[in-house]
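Take a look at the structure below.
The values are calculated or read from the model by the stated rules, or taken from the named source; none is laboratory data. Quick caveat, the model's predicted, so the values are computed rather than measured. So basically every Cβ, Gly included, is an ideal-geometry build from the backbone, and we count neighbours across all protein chains shown. To get the accessible areas, we keep the full protein, side chains included, count just its heavy atoms, and leave off ligands, DNA and RNA. Shrake-Rupley method; radii C 1.70, N 1.55, O 1.52, S 1.80 Å.
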Amino acid sequence: MSRAYIDDVSAERLALLQEQNLELSRLVAELRNEAALRTQFLSNISHDLRTPLTAIITHGEILRDGILGELTLRQKDSVGGIIGGGRQLLDMIGEILTYARGAAHQLTLTRTEFSIASAVEQVCTLNESLVAKKKLDLTVNIEEGLPPLYADRDKIAHILGNLLGNAIDFTLPGGRVWITCSRGAPTERGHVLLIEVGDTGIGIAPEHHDLVFREFAQVDASASRQHHGTGLGLAIARKFVELHDGRLWVESSRGKGSRFFFTIPVRSAP
Amino acid sequence: MLPHILLVEDNALVIDALTMLLEETGHRVSAATTLAQAQRVMSEESPDVVLLDLTLGGEDGLSLMPSVNATRGTRPIVVALTGHDDPETHARCIAAGCRTVLVKPIAAMKLKGQLAEWLGERAAF
Ligand SMILES: Nc1ncnc2c1ncn2[C@@H]1O[C@H](COP(=O)(O)OP(=O)(O)O)[C@@H](O)[C@H]1O
Ligand SMILES: [Mg+2]
């Protein structure tokens, strides 16, 4: 082969490569743009959905609270249903908004010092009536003498709330649900708190362990499913844990209950 | 005379709902859907409490605060209304001079109770 021929071929290849590079960066830019658009869309739509819902719930409460005159018990129950449904929808919209912010890297941590026990207690109190309604046995076990956390309290409570909410939802009446806080194995960066939210519910097959942390993913996504959610709970929980430099994972198999674990590095307040 | 509440909010459905709640619990209500309208009501009628939505179409509700803070005589108590109570928004509202931030939808009985408290303070002045 002549030298000239080889040069020709190289030049041709180079040109091709350059062209492909250009095409690739164009594609990457397009994808980024699409992700930003999706985030913006989710954020706008959740704002807009919230407004009429606010009106619905306020009118419901005006009726329920007897501000326009006392209702019968049955009427109160019915209006209570409207309010309950509205509030559930509002929570879901809130999750979508939170997710959209996370996807747009708009989430920051507001750290304060608090005990994990107080956050656990807050979340348990919020779920008290659900636990009672399903006749579940909820136990909390917190190791003695744990150091306080210097972390974002709202976000830690949000993580616990999402995990506990799932544990309650995916466990049959009469089952057990627990939260355990202890010292985790120290990492090279120092001490960590290990928090477990476990249940004796339906469990998750190992092949779905990655899937459940993905946004909008649900193991049973059929329309007839019992559980109604956005599929964002675990994606948000993982995001919040990672913002704290912790880890969130699951140990479970089908029919054997689930154990979700997360770690939060212990930092001291400045 | 009934305590006067200025509701600054751009959504008609929300205005209707809150107006009903406030009127039925013994208040007089003026609604403003823009900052310009809100400013007019403030200068003409000096309301006792302003319930201020943070997003008014394209306007930032908090831009009303400088004129509130410049009010001669008794200033109205301003309460921010928002759909999403993140810590940054909260801090921004307090720094601007709002009394507190309420997340929509505000529970009817809670709003009634808080208003009674704030109006009581003002009456004690
Ligand atoms: N404790 C649990 N037990 C069994 N399955 C679970 C549990 N937690 C989560 N899952 C599965 O993971 C999916 C995703 O959960 P999540 O992200 O919280 O979204 P959502 O609760 O809105 O469906 C659930 O739909 C369910 O299939
Ligand atoms: Mg969930």
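I need the full set of residues from the stretch A:148-165 which are closer than 16 Å to residue A:241 by Cα and part of a helix (DSSP H, G or I), in order please.
Matches in the stretch A:148-165: A:153, A:154, A:155, A:156, A:157, A:158, A:159, A:160, A:161, A:162, A:163, A:164.
Taking interchain pairs and intrachain pairs at least six residues apart, which have beta carbon atoms under 7 angstrom, with the first residue in the stretch A:124-137 and in contact (Cβ under 8 Å) with a residue 12 or more places away in the chain and the second of a type in the set (Ser, Thr, Tyr) and surrounded by 10 or more Cβ atoms within 10 Å (Cβ to Cβ)?
A:136/A:171
Step by step: first the residues of the stretch B:90-105, then only those that are among the basic types (Lys, Arg) and under 15 Å from the mean Cα position of the chain (by Cα), then the one that is surrounded by the fewest Cβ atoms within 10 Å (Cβ to Cβ). Which residue is that?
Here the answer is B:99.
Here is a list: A:211, A:138. Which entry is modelled with pLDDT of 95 or more, hydrophobic (A, V, I, L, M, F, W, C) and over 21 Å from residue A:243 (Cβ atoms)? I'd like the intermediate steps shown before the answer.
Working: A:211 fails: modelled with pLDDT of 95 or more.
That would be A:138, the only listed residue that is modelled with pLDDT of 95 or more, hydrophobic (A, V, I, L, M, F, W, C) and over 21 Å from residue A:243 (Cβ atoms).
The rows are residues; the columns are (1) within 16 Å of ligand 2 (Cβ to nearest atom); (2) of a type in the set (D, E, K, R); (3) in a helix (DSSP H, G or I); (4) touching a helix residue (DSSP H, G or I) at 6+ places or on another chain (Cβ under 8 Å).
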| site | (1), (2), (3), (4) |
| --- | --- |
| A:219 | yes, no, no, yes |
| A:237 | yes, no, yes, yes |
| A:250 | yes, no, no, yes |
| A:260 | yes, no, no, yes |
| A:267 | no, yes, no, no |
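Exactly one of (1) within 25 Å of residue A:92 (Cα to Cα); (2) open to solvent by 20 Å² or more (accessible area, probe 1.4 Å) is unmet by residue A:254. Its number?
(1)
Consider the stretch A:115-148. How many of its residues are open to solvent by less than 60 Å² (accessible area, probe 1.4 Å) and either under 21 Å from the mean Cα position of the chain (by Cα) or aliphatic (A, V, I, L, M) (or both)?
13
Which residue is farthest from the chain's Cα centre (by Cα), if the candidates are limited to the stretch A:14-52 and must be within 30 Å of residue B:106 (Cβ to Cβ) and open to solvent by less than 70 Å² (accessible area, probe 1.4 Å)?
This residue is A:52.
Please work out which one of (1) under 23 Å from residue A:90 (Cα atoms); (2) in contact (Cβ under 8 Å) with a residue 60 or more places away in the chain; (3) under 12 Å from the mean Cα position of the chain (by Cα) is the condition residue B:108 fails and give its number.
It fails just one condition, (3).
Say we look at the stretch A:166-190 and pick out the residues that are in a helix (DSSP H, G or I) and surrounded by 19 or more Cβ atoms within 10 Å (Cβ to Cβ); which of these is nearest to the chain's Cα centre (by Cα)?
In this case the residue turns out to be A:166.
Please determine, by comparing only the residues of the stretch A:87-114 that are more than 17 Å from residue A:159 (Cα to Cα) and open to solvent by less than 60 Å² (accessible area, probe 1.4 Å), which one is farthest from the other protein chains (Cβ to nearest Cβ).
Of everything passing the filter in the stretch A:87-114, A:104 is farthest from the other protein chains (Cβ to nearest Cβ).
Tell me, which strands (runs of 3 or more DSSP E) wholly within the stretch B:14-110 include 1 or more residues that are within 13 Å of another protein chain (Cβ to nearest Cβ)?
Per the criteria, B:49-53, B:77-82, B:100-103.
Could you tell me which of the residues A:192, A:177, A:219, A:241 is touching a His at 6+ places or on another chain (Cβ under 7 Å) and either within 13 Å of ligand 1 (Cβ to nearest atom) or more than 14 Å from chain B (Cβ to nearest Cβ) (or both)?
That would be A:219, the only listed residue that is touching a His at 6+ places or on another chain (Cβ under 7 Å) and either within 13 Å of ligand 1 (Cβ to nearest atom) or more than 14 Å from chain B (Cβ to nearest Cβ) (or both).
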